[in-house]
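To start, the structure itself, in structure tokens.
The values are calculated or read from the model by the stated rules, or taken from the named source; none is laboratory data. Model, not experiment: these values are computed from the prediction. Cβ placement follows ideal geometry from the backbone for every residue including glycine, while neighbour counts extend to all protein chains displayed. Quick note on the areas: whole protein, heavy atoms, side chains included, nothing else; ligands and nucleic acids left out. Shrake-Rupley method; radii C 1.70, N 1.55, O 1.52, S 1.80 Å.
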Amino acid sequence: MSCAAVMSGAVGGGGGGSSCLGAAAAASCSSAGSPYAAAAGGGAGVAGRLPARVLEHVFSYLELSDLMRCALVCWHWYNMLADENSEVWRSLCSRTLSDEAMRSDILCNLPTYRGKLKAFQHALSSHDCSRNVYVKKNGFTLHRNPIAQSTDGARGKIGFSEGRHAWEIWWEGPLGTVAVIGIATKRAAMQCQGYVALLGSDDQSWGWNLVDNNLLHNGEVNGNFPQCNNAPKYQIGERIRVILDMDDKTLAFERGFEFLGVAFRGLPKVCLFPAVSAVYGNTEVTMVYLGKPLDG
């Protein structure tokens, strides 16, 4: 059997397993389980004996969904793709991500090519947002058009129903009177009239207003955050790390690697998406998914 035939069978068949990268691109809600854990066992005859150099060359031409299927063929292929800085992932990064994203500091906290690709898969969606915003060519930054008397938001491409997840968000322009970061269900509105705290305005979203340090949910203020005296105001360009724990049903925040505390507890067991809402014209917000929090 030729290498081409084996590869064709691997790419064309299977594909039923769950994946945080491949299947997540097609589904809107991801699971925290390993994409390979259940199906990566055993050998695969000729496929399992192909030289690493040959595999790397062939894999470097495949797209993300195909690579996820290939990782399920056998341990040899799985181990080849486990190197997150290999030529395979570098090649896919160069084809998928913009030059601006790769050369700027947007992805500076993601040391591997595969991590950068995962961040792109989880970035703010250009199709699940207010009509008054758009995602820039770098693929990670949301730009709000200068529309009067409107509050505009966006959700991430992928939501979460289990596991622990972290992402960074930072403003690259004025906050205006309201600038909210948090999470939302698929049912939460992403646009409304006036200048309001859109995230947290109903029971479908939870938000932290960076302007006045208020926590918001179901149209009510749930106290100040962080819970300390004279909490510093948000500074433009400062990266806020959002930590969603769907197992403990909590939402927490970090600033400058300082843990600020748990903001919300008792989150519902539904698919929750990273989300932002803004009111200031021409302001920009960037979101980068980091994966599982570093503390475990």
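How high is the FRET efficiency from residue 186 to residue 258, r the C-beta distance, R0 30 Å, rounded to 0.05? Show your work: numbers first, answer last.
Numbers: r = 32 Å, r/R0 = 1.06.
Efficiency, rounded to the nearest 0.05: 0.40.
Over region 170-296, what percent of the accessible surface lies on carbon and sulfur atoms, probe 1.4 Å?
Whole-percent figure for carbon plus sulfur exposure: 47.
Run the reach check for residue 137 against lysines, Cα to Cα strictly under 21 Å, same-chain hits fewer than 8 apart removed. What comes back?
Qualifying lysines at Cα under 21 Å: 116, 118, 157.
List the equivalent ellipsoid semi-axes of region 65-106 in whole Å, largest first, each obtained as the square root of 5λ for an eigenvalue λ of the Cα gyration tensor. It would help to have the intermediate numbers written out before the result.
Working: eigenvalues 124, 21, 9 Å².
In descending order the semi-axes read 25, 10, 7 Å.
If the cut-off is 19 Å between C-alpha atoms, which aspartates and glutamates fall inside it for residue 292, apart from same-chain ones fewer than 8 positions away?
83, 84, 162, 168, 245, 247, 248, 254, 258
From the gyration tensor of the Cα coordinates in region 186-296, what semi-axes in whole Å does the equivalent ellipsoid have, largest first, with each one equal to sqrt(5λ)?
On the way: eigenvalues 80, 67, 46 Å².
Working through the eigenvalues yields semi-axes of 20, 18, 15 Å.
Mind running the shape call on region 68-152? Use the C-alpha gyration tensor, a ≥ b ≥ c as the square roots of the eigenvalues: rounded below 1.5 for a/c, prolate if a/b tops b/c, oblate otherwise.
Taking the square roots of the gyration eigenvalues as a ≥ b ≥ c, region 68-152 is prolate.
Viscosity 1.567 mPa s, temperature 4 °C: what is the translational diffusion coefficient of region 209-267 from Stokes-Einstein with a Kirkwood Rh over Cα pairs, rounded to a whole number of µm²/s?
Values: Rh = 12.2 Å.
Rounded, D is 106 µm²/s.
Per 0.36 nm of contour for each residue apart, how much would the distance between residue 52 and residue 292 grow if the chain were fully extended, relative to their Cα-Cα spacing?
Additional length available on full extension: 83.5 nm.
Using 1/(1 + (r/R0)^6) with R0 = 22 angstrom and r between the beta carbons of residue 238 and residue 104, what's the FRET efficiency to the nearest 0.05?
0.85
Go through 122-135, 271-284 and give me the packing order, highest mean Cβ count within 10 Å leading.
Per-residue mean Cβ counts within 10 Å order the peptides as 271-284, 122-135.
Separation between the residue 220 and residue 94 pseudo-spin-labels, each 7 Å from Cα along Cα→Cβ, expressed in nm?
About 5.6 nm, to one decimal.
Work the Kirkwood hydrodynamic radius out for region 171-233: mean of 1/r over every pair of different alpha-carbon atoms, inverted, in Å.
Roughly 12.0 Å, rounded to one decimal.
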